[in-house]
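Structure first, commentary second.
The values are calculated or read from the model by the stated rules, or taken from the named source; none is laboratory data. Everything numeric here is computed off the predicted structure, so don't read it as measured data. Cβ atoms come from the backbone with ideal geometry, glycine included; neighbour counts cover every protein chain shown.
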Amino acid sequence: MLTREDLESIIYREKLAHQAWMNKAFLQGIQLPEDVSELVWEMLIAYAEYVDDLDNISQDIYKTAYELAMKLLPSVPIDQILKYYRDYLMDAMIDYAKGQERDQSRQLVKFSNLLSSAYCEAHSDLLKKTIRHNRAENVSRELKVAKQIQSHLLPKVIPKIEGFDFAGRLIPATEIGGDYWSIKYHEKDNIITLKLADITGHGIAAATLVAAVKFISGGYYHGSESAVEVMNKTNRVLAIETPHEILVTMVYAWLDPATYEVTIVNAGHAPVFLCQKGLCIDVPPTGTPLGFAEDTQYGEQRFKLSKGDLIFFGSDGITEAGVGQQFGTERLKELVLSNTHLSADEIANKVVQSVRDFAKQPHDDISLLVTRVTGEPAAP
């Protein structure tokens, strides 16, 4: 047990050691921040008070040394911290411990090891933080580029076709989503193609596959005699070229504005429904999701449309929104059916807002395509 006189003597020696350390650092051209010098003094005081029982105070010394290193590391290399804030400090402490009756060699070694461990752990933690930060920045830059690319994939202008009113929406749950929609008028053939796809996952991989689905399916329109043929060809390419663990559901339709007939091919997608005469009926899948099997042959469903009808394609980010209770297909149908008198844009906005209000923070992409029939086919 240290007497008061012993403690005062030890603290005095540590004060001299602290001053000697600062003088040596100054002669080496080292600028010592005041808060850092105070932390060094805190460690020396703790050492002086518990020199005979260093284990009990080691955690406090370690925390102080860690704090010191974190203050210095952004601008001072770890090797210099070890040199100036461990080696120089130990030299000064050893010099003023010489000639004393009590041998402090073991305690000084423990003290030095504490400093080494704390400084190195701080360095390691800062490196990990820097790596995470750099990785996040790189991903953020890639996502911004992917988002720009994806934004160019969506239609810039929705075609104005007499007798029909169209709207589409895509609200990613994250910066980049895996959904895609398209409305395109092929004037030469007088055919409107309607498309909505949902790729599992988010981020760059999903966005890349979105682009592939867009260009593959779009490229096969020319030279194909039906919507089914386009889907069969698209599926064949995706089955060969994309990983099987990636799921692509898609609904694709050809709409003839002259006859008001629509052909729908549904590759495992939902919700897809047609509202007619106060009822909304599901358009069930006519085949599996795209990319499962190369030889899949899709079916189709044909409908004759008339004024007041509405076709709705949506993503499961709508129906599965919510925690505990889901938004659901029936709620969606009721919402759409009660607003068929509104424009396609207004219906799309109502669906998006209703899902957001219901789920607060949707966990998946929200995408939809609305087709309203506002006219009648010409008399034969």
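Would a scan of segment 292-302 turn up a residue that is under 27 Å from the mean Cα position of the chain (by Cα), under 30 Å from Ala212 (Cα atoms) and surrounded by 18 or more Cβ atoms within 10 Å (Cβ to Cβ)? No.
Annotation: of all residues in segment 234-265 being in contact with a Pro (Cβ under 8 Å, 6 or more places away or on another chain) and part of a loop (DSSP other than H, G, I, E, B), the one that is nearest to Tyr220 (Cα to Cα) is Leu247.
Residue check: Asp316 meets all listed conditions (1) under 29 Å from the mean Cα position of the chain (by Cα); (2) surrounded by fewer than 17 Cβ atoms within 10 Å (Cβ to Cβ) but one, namely (2).
Could we say that Ala321 is at pLDDT 95 or above, at negative phi and either buried (at least 19 other Cβ atoms within 10 Å of the Cβ) or among the basic types (Lys, Arg) (or both) here? In short, no.
Being under 15 Å from Ser315 (Cβ atoms) and in the same structural domain as Lys188 (by TED's automatic domain parsing) is a property that does not hold for Tyr260.
Every test in (1) free of Cβ contacts under 8 Å to residues at least 40 places away in the same chain; (2) closer than 13 Å to Arg169 by Cα; (3) small (Gly, Ala, Ser) is passed by Ala359 save one, and that test is (2).
Restricted to segment 216-245, and to residues there that are among the hydroxyl-bearing types (Ser, Thr, Tyr) and without any contact (Cβ under 8 Å) to a residue 60 or more places away in the chain, the residue that is nearest to Ala267 (Cα to Cα) is Thr234.
Residues of segment 358-380 that are farther than 21 Å from Ser343 by Cα and either under 40 Å from the mean Cα position of the chain (by Cα) or surrounded by 12 or more Cβ atoms within 10 Å (Cβ to Cβ) (or both): Phe358, Ala359, Lys360, Gln361, Pro362, His363, Asp364, Asp365.
Suppose the filter is at pLDDT 75 or above, within 17 Å of His269 (Cα to Cα), more than 17 Å from the chain's Cα centre (by Cα) and not in a strand (DSSP E or B); does Val213 pass it? Criteria met by Val213. Among the residues of segment 264-293, those that are polar (S, T, N, Q) and over 19 Å from Gly168 (Cα atoms) comprise Gln276, Thr286, Thr288. The number of residues in segment 187-209 that are over 20 Å from Ile264 (Cβ atoms) and either modelled with pLDDT of 90 or more or hydroxyl-bearing (Ser, Thr, Tyr) (or both) comes to 4. When each of Gly268, Gly278 is tested for being within 28 Å of Ser217 (Cα to Cα) and either without any contact (Cβ under 8 Å) to a residue 40 or more places away in the chain or in the same structural domain as Val210 (by TED's automatic domain parsing) (or both), the lone residue that passes is Gly268. Within segment 324-334, the residues that satisfy the criterion of being buried (at least 16 other Cβ atoms within 10 Å of the Cβ), free of Cβ contacts under 8 Å to residues at least 60 places away in the same chain and of a type outside the set (Phe, Trp, Tyr) are Gly328, Thr329, Arg331. Summed over segment 227-255, the residues that are under 28 Å from Leu274 (Cβ atoms), modelled with pLDDT under 90 and surrounded by fewer than 18 Cβ atoms within 10 Å (Cβ to Cβ) give a count of 1.
Out of all the residues in segment 37-47, is one or more part of a loop (DSSP other than H, G, I, E, B) and among the aliphatic types (A, V, I, L, M)? For segment 37-47, residues part of a loop (DSSP other than H, G, I, E, B) and among the aliphatic types (A, V, I, L, M): absent. Of all residues in segment 296-307, none are under 27 Å from Pro362 (Cβ atoms) and of a type in the set (Val, Ile, Thr).
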